[in-house]
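Undergrad: Below is the structure I would like to discuss, written out as structure tokens.
The values are calculated or read from the model by the stated rules, or taken from the named source; none is laboratory data. Note that this is a predicted model, so its numbers are computed, not measured. Cβ sites come from the backbone with ideal geometry, for glycine too, and all protein chains shown count toward neighbours.
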Protein chains: 2
Amino acid sequence: MSRPPPSTQSILRHWREAVPNDRLAHLVKDATRALVRALQMRLGEHAVSFGHWTFLRILWESDGLTQRELSEQAGVMEPTTFSAVRAMERLGHVVRRRRGDDRKKIFVFLTPKGRRLRKKLVPLAERVNRIAVRRVRSADITRTRKVLLSIIENLARDEQTADMRMPSTRELGRLNGSGRKRRPQGSRRR
Amino acid sequence: MSRPPPSTQSILRHWREAVPNDRLAHLVKDATRALVRALQMRLGEHAVSFGHWTFLRILWESDGLTQRELSEQAGVMEPTTFSAVRAMERLGHVVRRRRGDDRKKIFVFLTPKGRRLRKKLVPLAERVNRIAVRRVRSADITRTRKVLLSIIENLARDEQTADMRMPSTRELGRLNGSGRKRRPQGSRRR
DNA sequence: CGCTCTTTCTTAGATATCTAAGATAAGACT
DNA sequence: AGTCTTATCTTAGATATCTAAGAAAGAGCG
């Protein structure tokens, strides 16, 4: 037991070789962490968190969505959107308004301040991406995108069918799309 | 404004085409979510969370590490390890002990119960991985692993040099390493 | 019309994670 | 020996995210 603390080198070696499929999840997770950190570091200087960035980017493309629609596009649950939007409202990046036609819905609009962030923030994200894929052949990036997409699809499919035999508490609502239609969104994934 | 809620199809199409580098981060993040969810769904039936799984797996390979060493191998900060280990101790999966030689350190040992989980949990993880990469050529998986690793390395390198010129509030504490040496560990990445 | 179901937002509470800063033990150096 | 520094664990507080359940508006139907 208790081997010597592995050096960074050995850790990297560990990743490179061996461990065929297992740890794919951890590798992907680590990549996410690295990417999010890199972006967050830069966004932080403009008082924008990674969570806000996600929603800002959607709003820059299509302003005036409801919170529900925002959730779908961002691929997160409503409470996540709710608290992010509330925080963004406090920062003066968005406003929320009800409309006459359906007073349940709350539409989210960018303020001029929120809109102006676009010019500053987008280049930061582009820079992070450029750094991330430095010295990686773009054909490999393309392939990686495809693989990641396949993984997402495979797991999504599995989750749906798995629900049939294994009501794992967290997806239950989504299934019975027949009569009841809880979870109307087709999404959940970005 | 307010476009119709995008179907899963349109969302997938969105991912497939266009958006060259931007959104790579989100794609990776979504893949992480899918993988973690799939694993968590299954681990949950054995009262193990994904966070605990991370540490259990390390301990199965090398029991009796300190919290610091666990943190390094898991690639997370100490407080994360701390609370996970404390929770795992409550669940009776590990125990924590001081040793005579250096009473700062706290060694974490699996209990028999924690050790027994291995046989049950590892197959679950293997199944998730098998599902995730279904119908993906293994050469592509290999390539994806390399790309992800490059991304992690590129960003790690950037973070180091970036610290020098850009004290971005979240890295500030780490800088003044001159006299104080906060953040002593060489790691931070898994 | 009035009851019930659905949709949407909100609240509550949990987990995982981070940074910053506190506490304690060891080591080092004058 | 006494003080300063380093290492390790701990606490505190923040963010992002989730599930579960509450509240209010709308819709459908007998």
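Undergrad: Of everything in the stretch A:69-90 that's without any contact (Cβ under 8 Å) to a residue 12 or more places away in the chain and more than 8 Å from DNA strand D (Cβ to nearest atom), which residue is farthest from residue B:27 (Cα to Cα)?
TA: So, considering only residues that are without any contact (Cβ under 8 Å) to a residue 12 or more places away in the chain and more than 8 Å from DNA strand D (Cβ to nearest atom), the one farthest from residue B:27 (Cα to Cα) is A:90.
Undergrad: Here is a further query. So in the stretch B:30-46, with the set limited to residues that are away from DNA strand C (no atom under 13 Å from the Cβ) and under 22 Å from residue A:141 (Cα atoms), which one is surrounded by the fewest Cβ atoms within 10 Å (Cβ to Cβ)?
TA: B:30
Undergrad: Working only within the stretch A:95-106, note down all residues that are within 14 Å of DNA strand D (Cβ to nearest atom) and either surrounded by fewer than 11 Cβ atoms within 10 Å (Cβ to Cβ) or part of a strand (DSSP E or B) (or both).
TA: Matches in the stretch A:95-106: A:97, A:98, A:100, A:101, A:102, A:103, A:104, A:106.
Undergrad: Being near DNA strand D (Cβ under 10 Å from one of its atoms) and over 18 Å from residue A:119 (Cα atoms) is the filter here, so list the residues in the stretch A:52-68 that pass it.
TA: none
Undergrad: Tell me, yes or no, whether the stretch B:142-150 has at least one residue that is more than 8 Å from chain A (Cβ to nearest Cβ) and more than 16 Å from DNA strand D (Cβ to nearest atom).
TA: Looking through the stretch B:142-150, at least one residue is more than 8 Å from chain A (Cβ to nearest Cβ) and more than 16 Å from DNA strand D (Cβ to nearest atom).
For (1) in contact with a helix residue (DSSP H, G or I) (Cβ under 7 Å, 6 or more places away or on another chain); (2) surrounded by fewer than 16 Cβ atoms within 10 Å (Cβ to Cβ); (3) part of a helix (DSSP H, G or I); (4) more than 12 Å from chain A (Cβ to nearest Cβ), each residue gets a yes or a no:
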{"position": "B:88", "(1), (2), (3), (4)": "yes, no, yes, yes"}
{"position": "B:108", "(1), (2), (3), (4)": "yes, no, no, no"}
{"position": "B:122", "(1), (2), (3), (4)": "no, yes, yes, no"}
{"position": "B:126", "(1), (2), (3), (4)": "no, yes, yes, no"}
{"position": "B:131", "(1), (2), (3), (4)": "yes, no, yes, no"}
{"position": "B:152", "(1), (2), (3), (4)": "yes, no, yes, no"}
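Undergrad: Which residues, taken from the stretch A:35-48, are in contact (Cβ under 8 Å) with a residue 24 or more places away in the chain and either at negative phi or acidic (Asp, Glu) (or both)?
TA: Residues satisfying the conditions are A:35, A:38, A:39, A:42, A:43, A:46, A:48.
Undergrad: Having 3 or more residues that are at pLDDT 80 or above is the bar; report the helices (runs of 4 or more DSSP H) wholly within the stretch B:1-77 that clear it.
TA: B:24-43, B:50-61, B:67-74
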